[in-house]
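See structure below.
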Amino acid sequence: MIIPLPDRRLLIAHRSELVIHDIESGDQRVVDVGGGSMIRFALGEDGYFAVKHYSFAEPPVRLITAHHIDAPGVVTSTMEIGEDFSVTASGDTGAWDHLPSLYTLVFPYLLRLTADGAQILRLPGIPGLPEEPDDPYRLVACPGNQHAIVTPSRTGGRFVVYDLDTATVTAELNLGRGAPTFRFHDDTVLLSHTDTVFRIDRSSWEPQGGFRFRNTIKGGLISDIAISPDGARIAVAYSDSKPIPLMLPYRIAPVAGSVLVVDAATDTVTHGGGLGRWADEVAFIDDDTVAAREQGGDLNIEIADLEPIEWDLYPPRGPGEEWM
């Protein structure tokens, strides 16, 4: 995840490190935020952000720390999760009032922060979802403390929206195979899936249209999406062709890519720019500027050189159209 800072810097989670990237000079500084073999961000309000520290132990998330962008390396407060899923809070616990209140741990566990303190939630068995699947489930915490999305990690297919207050399934979506990315803005969920971006209304959890980047089996894939701060634009990281796996585990041959900007009101591409490698991540620095992290092990950050372009888009794929 890339978090833009007010002073033309970027805060980036890179493996187990927090990196501050200066946009003007390109200089990068590593900030120590504590232990963990990998970290992930959760962005809050008023300059606060949380860091989930992953490890190879069980459960994999043992620590969540609160920070502020004024001093990102300083731990303001800590939530420590024990082996028995007990939670111990320390530091300035008022920091969590500015942060998301729902955190995924490991399926089927979540950490929810309420006025009464921290609680661990365990999702019960969901009809139609095997208890021990071949493809491990992924949990996605929705803003608002009420819903979580359950989906297979790699194959996608079925997405179940679970209401944590009523312990019931609120909605089910079946959008075909593919690893999804979820982005939230106000009452809308954007879900990128293979070559398509779906728009989903959070009040009904019904698809409300979207757009697709190709109308044949040939072509590229979406690797990430981002929403501008004002919600008017969608940045899409798109590979120019399908990435080719190498013989080495978890390695992919470099493929050129593009950063495309879509007008959210009309679902038309307005601007775009090419990259030497397709981007793992994109983020809006402001309403008009997009930063991209190129695919690969190195932390290569590019400010996309966007020019007005034309790019044909198509209606979203149906559940039966499983193009890969």
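The values are calculated or read from the model by the stated rules, or taken from the named source; none is laboratory data. Only a predicted model underlies this, so the values are computations on that prediction, with no experimental measurement involved. Virtual Cβ from ideal backbone geometry, glycine too; neighbours counted across all protein chains shown.
If only residues of region 5-34 that are closer than 13 Å to D70 by Cα and of a type outside the set (D, E) are counted, the one that is surrounded by the fewest Cβ atoms within 10 Å (Cβ to Cβ) is P6. How many residues, within region 146-159, are part of a strand (DSSP E or B), at pLDDT 85 or above and more than 15 Å from the chain's Cα centre (by Cα)? Adding up the residues that qualify gives 1. Quickly run through region 14-44 and pick out the residues that are within 15 Å of I301 (Cβ to Cβ), in contact (Cβ under 8 Å) with a residue 40 or more places away in the chain and within 20 Å of the chain's Cα centre (by Cα). Answer for region 14-44, where residues must be within 15 Å of I301 (Cβ to Cβ), in contact (Cβ under 8 Å) with a residue 40 or more places away in the chain and within 20 Å of the chain's Cα centre (by Cα): H14, L18, V19, I20, H21. When G94, G47 are checked against the criterion of being within 30 Å of R8 (Cα to Cα), within 23 Å of the chain's Cα centre (by Cα) and surrounded by fewer than 19 Cβ atoms within 10 Å (Cβ to Cβ), G47 stands alone in meeting it. Which ones in region 204-221 are of a type outside the set (D, E, K, R) and either touching a residue at least 60 places away in the same chain (Cβ under 8 Å) or closer than 15 Å to T194 by Cβ (or both)? Result: P207, G209, G210, F211, F213, N215, T216, I217, G219, G220, L221. Restricting attention to region 182-209, the residues that are in a strand (DSSP E or B) and either out of contact with any Asp or Glu (no Cβ under 9 Å at 6 or more places or on another chain) or modelled with pLDDT of 85 or more (or both) add up to 19. Among residues that are closer than 23 Å to V140 by Cβ and small (G, A, S), S16 is included. Filtered by the rule that a residue be farther than 30 Å from P6 by Cα and free of Cβ contacts under 8 Å to residues at least 12 places away in the same chain, region 87-114 gives a lone residue, T88.
P143 meets each of the listed conditions (1) at pLDDT below 85; (2) in a loop (DSSP other than H, G, I, E, B) apart from (1).
All of P108, P130, P136 fail the test of being more than 29 Å from I20 (Cα to Cα), surrounded by 19 or more Cβ atoms within 10 Å (Cβ to Cβ) and modelled with pLDDT under 90, apart from P108. Residues that are small (G, A, S), in contact (Cβ under 8 Å) with a residue 24 or more places away in the chain and assigned to a loop (DSSP other than H, G, I, E, B) within region 259-284 comprise A264, A265, listed in sequence order.
Go through region 229-244 and give me each residue that's crowded, with 20+ Cβ neighbours inside 10 Å, at pLDDT 90 or above and of a type in the set (G, A, S). Once the filter is applied, which keeps residues that are crowded, with 20+ Cβ neighbours inside 10 Å, at pLDDT 90 or above and of a type in the set (G, A, S), region 229-244 yields A235, A237. Restricting region 297-308 to residues that are assigned to a loop (DSSP other than H, G, I, E, B) and surrounded by 14 or more Cβ atoms within 10 Å (Cβ to Cβ), the residue that is modelled with the highest pLDDT is L306. Modelled with pLDDT of 90 or more and among the hydroxyl-bearing types (S, T, Y) - does that describe any residue in region 245-256? No, because not a single residue in region 245-256 is modelled with pLDDT of 90 or more and among the hydroxyl-bearing types (S, T, Y).
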